[in-house]
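Beneath this line is the structure, given in structure tokens, with notes to follow.
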Amino acid sequence: MKLLKLLLLISLLSLPVFAATSQLIITKTSKKSALKSIKSKLDSLKIKMFVQKSSSGYVVYSGKYNSTSSANLALKRAKRYFPSARVVKQQSKDENTKNIKSQEKETTSTQSTADRDKNSMFIAAGFGLSSINGSTDDQTASQYVNSGMSFALEAGYYFNDNIFSSLSYLDTSTTDIAMSNAYGSLNYKLYATEDLGLYAGLLGGVSSLKLTQYEASEPSISMLLGVQAGISYDIGDNFSIYSAYQAIYINQLIELTDTSSSISFNLIHNMQVGFQLRF
């Protein structure tokens, strides 16, 4: 009898060890700043949050559930905010680690797509200084002011974390020159740290220019091509500030009708700072 009781006691104590448990892989994020928002949502769903650091960011998962039905109920709640959430069954520590790594790869792919869809579009505004390189044989025209303040408005789309395109309007007018530029860009962005990004891109579009202080002149319109390089810093998940340099090549020719001469403009240097809002 004592032996039977001893065996029964050992069996009962062994159940928690060998019983299968389940937990949820909630989501994955590359930004530490996003964890606060994720925790707030999980708290509202009554789901405990645990975080595992990975090579590409952070994996967020729930606590363990002793039954599949409990895990499935929690999953239904989690799907409200995290459509890529999954249930992982665990039977041992080694199997647990294996399942998490496997699920992490699947979640990375699914959640990355969801994040891009959610915050893929952006608008931006920038202000700075610009100068317009030109040449002329006209002594009076050569004295015109060719540098001043600039401002830009931009709207674009992130295809993924590294590649984005945009449509922009850039005003590089001075006190003597009215100049407007409309162009598209294609850029590649590389994160040096979690929040600090470096990017470079190509520009292409159209430019218009006229002299505001010279009545006897004809305005000019030309194509533009250019390059840009910048640095950005993320403040939160959807807001960032940036600084960029642009070299824009143009072929503007202003005819001075009263002197039978002309002014040619061929290059815009533009340095600006601004902000970007993703949505």
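The values are calculated or read from the model by the stated rules, or taken from the named source; none is laboratory data. Since we're looking at a predicted model, the values are computed, not measured. Reconstructed Cβ throughout: ideal geometry from the backbone, glycine too, with neighbour counts over all protein chains shown. All accessible areas refer to the heavy atoms of the entire protein, side chains included, with ligands and DNA or RNA removed. Shrake-Rupley method; radii C 1.70, N 1.55, O 1.52, S 1.80 Å.
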- [ ] Give me the pairs, please: first residue somewhere in the range 167-178 and under 11 Å from residue 211 (Cβ atoms) and charged (D, E, K, R), second residue anywhere and at pLDDT below 90 and open to solvent by 30 Å² or more (accessible area, probe 1.4 Å), beta-carbon distance under 7 Å, and either six or more positions apart or on two chains.
- [x] 176/144; 176/145; 176/212; 176/213
Task: Looking only at the range 16-29, and only at residues there that are open to solvent by less than 70 Å² (accessible area, probe 1.4 Å) and over 16 Å from residue 83 (Cβ atoms), the one that is modelled with the lowest pLDDT - done: 19
Task: Residue list for the range 30-51, filter: surrounded by fewer than 13 Cβ atoms within 10 Å (Cβ to Cβ) and closer than 18 Å to residue 76 by Cβ - done: 43, 44, 46
- [ ] List the number of the failed condition for residue 32; all other conditions in (1) among the basic types (Lys, Arg); (2) modelled with pLDDT under 85; (3) over 18 Å from residue 195 (Cβ atoms) hold.
- [x] (3)
Task: Looking only at the range 52-77, and only at residues there that are open to solvent by 70 Å² or more (accessible area, probe 1.4 Å) and closer than 30 Å to residue 192 by Cα, the one that is farthest from the chain's Cα centre (by Cα) - done: 53
Task: Inter-residue pairs, beta-carbon under 9 Å, first over 30 Å from residue 169 (Cβ atoms) and assigned to a helix (DSSP H, G or I) and in the range 107-131, second among the charged types (D, E, K, R) and at pLDDT below 95, 6+ apart - done: 107/28; 107/86; 108/28; 110/28; 110/86; 111/28; 112/28; 112/161
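Looking for whichever is out of contact with any Pro (no Cβ under 8 Å at 6 or more places or on another chain), under 30 Å from residue 59 (Cβ atoms), at pLDDT 95 or above and surrounded by fewer than 15 Cβ atoms within 10 Å (Cβ to Cβ) here; the options are 198, 153, 129. Which one fits?
198
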- [ ] Keeping to the range 150-166, report how many residues are farther than 22 Å from residue 222 by Cβ and either out of contact with any helix residue (DSSP H, G or I) (no Cβ under 9 Å at 6 or more places or on another chain) or in contact (Cβ under 8 Å) with a residue 60 or more places away in the chain (or both).
- [x] 9
TODO: Only residues that are part of a strand (DSSP E or B), open to solvent by 40 Å² or more (accessible area, probe 1.4 Å), under 28 Å from residue 210 (Cβ atoms) and free of Cβ contacts under 8 Å to residues at least 60 places away in the same chain: list them for the range 238-277, please.
DONE: 245, 249, 251, 253, 255
